[in-house]
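Enquirer: Mind having a look at this structure? Questions to follow.
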């Protein structure tokens, strides 16, 4: 790869954050493979532990969306996704919560990738469950139209990301690419429940999403550090929308459980897939099932299916107990494999 004439790493050192236009040009050059790995690593080092400004993130998002393969959908849809990085090794909670929400008649476009900082990424577990994760954009749109849910594998719809893979590996630390994924769903979903690993990025991701066109986003982080709603610690929830572009705290209260996280922790994809199937077959532990019910309820509230947490939990519980959520998974497996 050829290095670009612009030395973005020097510009970042001078300015700390780029403006939207500069960030757009930088990200565009990165995704087109115009920067060599040495310059990419210098960019990451120049950013250090800082997160981009909201303005800088706008430029990055714009360039990334222009490079992705879009999936055309005709309705509002929900994505439940975590940034990862909480280090708690939990099973794929947002993935199964997405299935449950879809079984509650909420259109869902789940965007995810393979494991980066976790033991098992959403793509890993979907594949282990039998879902074909490499459908193209036309087939993905048709699957969504037919059953109201689809999983979009990030690497399939963001092929230009390969140009930064080696530099990220060389750098070996978290970069802004770790928080970019949830902001560039190829279907451009209208609603998102976003689990965040660090409260410092809540406003960055929320405000950047609203500026990029999302209708409503709920950012969720529990006080025990989980980037989901936890049974063991109440979450901090902030809503972002056109009506609340800078965020509006949402109070969510429920009875906490005593206990430890070990019932919802895993070591590999096989364990995560087993817990998901146990939940959908009504064979899981109470903690495992309640964790999914709680997070599905938050997803239902984000989308506006209900404005009451207890009602949302009741809807999610019924979807699991009745077998509707399991049937939804089977439909997703069948349609993506064209069975």
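Values quoted throughout were computed directly from the atomic coordinates according to the rules given, and no laboratory measurement underlies them. This structure is a prediction, so every number in the text was calculated from the model and none was measured. Note that we place each Cβ from the backbone using ideal geometry, even for glycine, and neighbour counts take in every protein chain shown.
Enquirer: Express the relative contact order of region 8-67 as a whole percentage, based on alpha carbon pairs under 8 Å and six or more residues apart in sequence.
Expert: In percent, rounded to a whole number, it is 55.
Enquirer: Another question about this same structure. At 7 Å along Cα-to-Cβ for each site, give me the label-to-label distance between residue 14 and residue 333 in nm.
Expert: Label at residue 14, label at residue 333, 5.7 nm between them.
Enquirer: Given R₀ = 30 Å, FRET efficiency for residue 314-residue 246 by Cβ-Cβ distance, to 0.05?
Expert: For residue 314 and residue 246, the calculated efficiency is 0.40.
Enquirer: Rounded to the nearest 500 deg cm²/dmol, what is the calculated helix-only ellipticity per residue at 222 nm for the chain, with -39500 (n - 2.57) per DSSP H run of length n ≥ 4?
Expert: That calculation yields -14000 deg cm²/dmol at 222 nm.
Enquirer: Only Cα pairs under 8 Å and at least 6 apart count here; give the relative contact order of the chain as a rounded whole percent.
Expert: 21
Enquirer: If all Cα-Cα distances of region 8-67 are sorted into 5 Å bins from 0 onward, what percent lands in each bin, rounded to whole numbers?
Expert: 4, 21, 30, 30, 14, 1
Enquirer: Ranked from highest to lowest mean number of other Cβ atoms within 10 Å per residue, what is the order of the peptides 44-50, 302-308?
Expert: Taking the mean over residues of other Cβ atoms within 10 Å, the ranking is 302-308, 44-50.
Enquirer: Here's another thing I want to ask about it. So if we plug the beta-carbon distance of residue 258 and residue 146 into 1/(1 + (r/R0)^6) with R0 = 41 Å, what FRET efficiency do we get, rounded to 0.05?
Expert: It comes out at approximately 0.40.
Enquirer: So what are the three principal axis dimensions of region 112-193 from its Cα atoms, in whole Å, longest to shortest?
Expert: Ordered largest first, region 112-193 gives principal extents of 42, 27, 25 Å.
Enquirer: Pulled fully out, how much extra length does the chain show between residue 200 and residue 7, if you take 0.36 nm times their separation in residues and subtract their Cα-Cα distance?
Expert: Extra length available between residue 200 and residue 7 comes to 66.7 nm.
Enquirer: By its C-alpha gyration tensor, with a ≥ b ≥ c as the square roots of the eigenvalues, how is region 1-157 shaped: rounded for a/c under 1.5, else prolate for a/b larger than b/c, else oblate?
Expert: Prolate, since a/c reaches 1.5 and a/b exceeds b/c.
Enquirer: Sticking with this structure for a sec: Using a ≥ b ≥ c from the Cα gyration tensor of the chain (square roots of the eigenvalues), is it rounded, prolate or oblate, where a/c under 1.5 gives rounded and otherwise the larger of a/b and b/c decides, a/b for prolate?
Expert: Prolate, since a/c reaches 1.5 and a/b exceeds b/c.
Enquirer: How do 232-245, 171-184, 284-297 rank on mean C-beta neighbours within 10 Å, highest first?
Expert: Highest mean packing first, the order is 284-297, 171-184, 232-245.
Enquirer: Rounded, prolate or oblate: pick one for region 278-339, where a ≥ b ≥ c are the square roots of the eigenvalues of its C-alpha gyration tensor, a/c under 1.5 means rounded, and failing that, prolate if a/b is larger than b/c, else oblate.
Expert: Oblate, since a/c reaches 1.5 and b/c is not below a/b.
Enquirer: Could you give the angle, 0 to 90 degrees to the nearest 10, between helix 137-147's Cα long axis and the longest principal axis of the Cα atoms of the chain?
Expert: Roughly 20 degrees between the two axes.
Enquirer: Moving on to the next point. Express the relative contact order of region 56-215 as a whole percentage, based on alpha carbon pairs under 8 Å and six or more residues apart in sequence.
Expert: 36
Enquirer: Another question about this same structure. Could you tell me the calculated FRET efficiency between residue 267 and residue 74, based on Cβ-Cβ distance and R0 = 45 angstrom, to the nearest 0.05?
Expert: 0.65
Enquirer: While we're here: Using the per-residue mean of other Cβ atoms lying within 10 Å as a proxy for protection, in what order, highest first, do the peptides 323-334, 218-229 fall?
Expert: For the peptides 323-334, 218-229, the packing ranking is 218-229, 323-334.
Enquirer: If one takes the longest principal axis of the Cα atoms in the chain, at what angle in degrees, from 0 to 90 and to the nearest 10, does the Cα axis of helix 93-103 lie?
Expert: It works out to around 60 degrees.
Enquirer: So for the chain: antiparallel DSSP bridges make up what percent, rounded to the nearest 5?
Expert: Of the beta bridges lying entirely in the chain, close to 40 percent run antiparallel.
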